[in-house]
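The values are calculated or read from the model by the stated rules, or taken from the named source; none is laboratory data. If you're wondering where the values come from, they're calculated on a predicted model, not measured in any experiment. We place every Cβ from the backbone using ideal geometry, glycine too, and count neighbours over all the protein chains shown. For the accessible areas, the whole protein counts, side chains as well, though only heavy atoms, and no ligand, DNA or RNA atoms are used. Shrake-Rupley method; radii C 1.70, N 1.55, O 1.52, S 1.80 Å.
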Amino acid sequence: MRRPFHKSAREDLQRLYVYSGGFLTQNRVRRILRLAGWDIRIGLPGPGDWVGVWGQSPTARRGAVVAGRRASHMLRVEDPFLRSVQTGREGEPPLGLLLDRKGVHFDASTPSDLEDLLARHPLDDTALLDRARDCMAWLGAAHISKYNDFDPARALPDAPYVLVIDQTRGDAALPVDAMALFREMLVFARLENPGARIVIKAHPEATAGHRAGHFGPDIAAPDITWLRDPVSPWALFEGATAVYTMSSLLGFEAIMAGHRPRVFGQPFYAGWGLTQDENPVARRTRRLTRAQLFAAAMILYLTWYDPYRKRIGRLEDVIAALEAQSRARREDRTGYVAGGMRMWKRPHLRRFFGPRLRFASTPAKAMATAKAAKLRPLIWAGAAGDHADVVRVEDGFLRSRGLGAALVPPMSLVADDLGIYYDASR
């Protein structure tokens with residue numbers, strides 16, 4: 001008996017030809033593109049097919065040449081405005097993608113899909129704008145930024161100060177004479193704010209030592225602080241009386257935080273009445289509210305990915321994921337020493353507490369090692385006794401489909417630094 005014919009799922013996807021290895025080797029990028037309706041291929045496209053390139057990276061030129069010769073369309077792919085906890089150079093995949101059929105958001109020489117949304121979309125839907133306001137408030141309360149490997153409790157420079165935002169050298173969003181422009185921006189910040197302290201915020205990749213910025217420790221002066229510490233941008237905005245940026249995404253986040261940044265480049269968020277523009281884009285004449293700008297850029301424009309359900313998600317899914325992941329990173333980054341844990345539980349505990357979790361043979365050795373290394377001791381609650389200054393670990397209230405006696409791993413844990421839920425004596 002012949003099997004009935006079923007149309008291949010691949011036939012329902014739009015062919016996307018790529019000429020950069022990252023599209024083939026980065027599983028998360030491939031997954032998001034496929035879920036968004038794109039079938040990644042290698043070879044030569046035909047008329048009407050699409051060529052995928054990464055923004056304006058060096059490899060994008062070869063894709064542009066092929067698209068021009070083959071009468072194909074261009075799809076420019078970029079990281080989203082909320083990306084991950086650590087930067088991509090640490091190997092962490094993005095939580096979404098920016099997919100633009102017209103241009104790139106940071107190149108104002110030609111319009112992009114985002115600029116079209118900001119210029120032409122009504123942006124008057126009450127439910128949409130309410131979502132935008134709620135998400136802006138959530139981002140601020142949770143201290144969520146594009147990259148999130150920082151501690152919101154970390155000490156900041158004494159307020160008040162004027163905030164100058166640096167970017168990495170060679171950024172595709174910057175012109176070739178960027179160094180001179182950044183120095184000019186600093187001059188403006190000092191002239192327009194006489195007597196004020198200037199704080200220059202380094203880019204996270206410069207903070208991590210991956211790339212150089214336009215400023216460094218040599219710029220320090222009595223009125224200038226070069227801030228390399230990984231601090232929360234939201235906390236930094238609270239102490240700022242003014243914000244100066246070239247085209248950094250932190251300028252967009254400054255708008256969300258209530259600032260009207262002084263902008264020396266032509267980023268997507270400039271020209272809509274929410275910034276003070278040194279180099280305005282003439283075709284941008286519409287005036288938007290913060291909620292409208294946010295709704296277009298963060299809700300309508302970007303393709304978000306839910307990393308837990310492995311599907312296209314909403315902005316709210318990504319904020320929730322980043323909130324949980326960044327909190328776990330802050331709590332677990334220094335590591336733990338665990339004691340009283342049975343051998344079969346150890347791989348499962350490492351999934352919860354991260355790769356920096358070490359194990360000792362007994363609770364006493366765990367506490368001694370943790371004290372010497374200035375780490376937190378994790379002790380299985382039943383083996384912790386009356387010891388103070390330990391984190392007691394126990395199975396959570398929704399544990400598993402089987403018993404621990406049968407070596408079924410838990411799907412939730414309790415970690416309590418005061419006592420344990422079943423012991424009412426403390």
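Is at least one residue of the stretch 195-217 outside any loop (DSSP other than H, G, I, E, B), aliphatic (A, V, I, L, M) and open to solvent by 70 Å² or more (accessible area, probe 1.4 Å)?
Checked against the condition, which is being outside any loop (DSSP other than H, G, I, E, B), aliphatic (A, V, I, L, M) and open to solvent by 70 Å² or more (accessible area, probe 1.4 Å), the stretch 195-217 yields no hits at all.
Only one of Gly382, Gly402 is open to solvent by 30 Å² or more (accessible area, probe 1.4 Å) and out of contact with any helix residue (DSSP H, G or I) (no Cβ under 6 Å at 6 or more places or on another chain); which?
Result: Gly382 is the single residue among Gly382, Gly402 that is open to solvent by 30 Å² or more (accessible area, probe 1.4 Å) and out of contact with any helix residue (DSSP H, G or I) (no Cβ under 6 Å at 6 or more places or on another chain).
Restricted to the stretch 324-346, and to residues that are of a type in the set (Lys, Arg) and assigned to a helix (DSSP H, G or I), which residue is nearest to Ser412 (Cα to Cα)?
Filtering the stretch 324-346 for residues that are of a type in the set (Lys, Arg) and assigned to a helix (DSSP H, G or I), the one nearest to Ser412 (Cα to Cα) comes out as Lys345.
Filter the stretch 384-416 down to residues that are assigned to a loop (DSSP other than H, G, I, E, B) and touching a residue at least 40 places away in the same chain (Cβ under 8 Å) and give me whichever is farthest from Arg351 (Cα to Cα).
For the stretch 384-416, the residue satisfying everything is Ala384.
Give me a count of the residues in the stretch 44-70 that are within 16 Å of Ser20 (Cα to Cα), open to solvent by less than 70 Å² (accessible area, probe 1.4 Å), assigned to a loop (DSSP other than H, G, I, E, B) and modelled with pLDDT of 95 or more.
Total meeting the criteria: 1.
I need the full set of residues from the stretch 307-342 which are touching a residue at least 40 places away in the same chain (Cβ under 8 Å) and within 13 Å of the chain's Cα centre (by Cα), in order please.
Across the stretch 307-342, the qualifying residues are Leu315, Val318, Ile319, Ala321, Leu322, Glu323, Gln325, Ser326.
May I ask you to verify whether Thr126 is open to solvent by 50 Å² or more (accessible area, probe 1.4 Å) and among the β-branched types (Val, Ile, Thr)?
Answer is yes for this residue.
Given the condition more than 21 Å from Ser232 (Cβ to Cβ) and surrounded by 15 or more Cβ atoms within 10 Å (Cβ to Cβ), answer yes or no: does some residue in the stretch 158-169 qualify?
Yes, there is a match, as at least one residue in the stretch 158-169 is more than 21 Å from Ser232 (Cβ to Cβ) and surrounded by 15 or more Cβ atoms within 10 Å (Cβ to Cβ).
Going by the conditions given, is Ile198 in contact (Cβ under 8 Å) with a residue 12 or more places away in the chain, among the β-branched types (Val, Ile, Thr) and farther than 30 Å from Arg76 by Cα?
Yes: the conditions hold for Ile198.
Which condition number in (1) open to solvent by 70 Å² or more (accessible area, probe 1.4 Å); (2) modelled with pLDDT under 90; (3) farther than 30 Å from Asn148 by Cα is the one that Thr334 fails?
The number of the failed condition is (3).
For the stretch 71-86, how many residues meet the condition of being within 16 Å of Trp54 (Cβ to Cβ), of a type in the set (A, V, I, L, M) and surrounded by fewer than 23 Cβ atoms within 10 Å (Cβ to Cβ)?
Result for the stretch 71-86: 2.
Farther than 30 Å from Ile224 by Cα, in a helix (DSSP H, G or I) and of a type in the set (Asp, Glu) - does that describe any residue in the stretch 124-142?
Yes, the stretch 124-142 contains a residue that is farther than 30 Å from Ile224 by Cα, in a helix (DSSP H, G or I) and of a type in the set (Asp, Glu).
I need the full set of residues from the stretch 417-426 which are under 22 Å from Ala328 (Cα atoms) and either touching a residue at least 12 places away in the same chain (Cβ under 8 Å) or outside any loop (DSSP other than H, G, I, E, B) (or both), in order please.
Asp417, Gly419, Ile420, Tyr421
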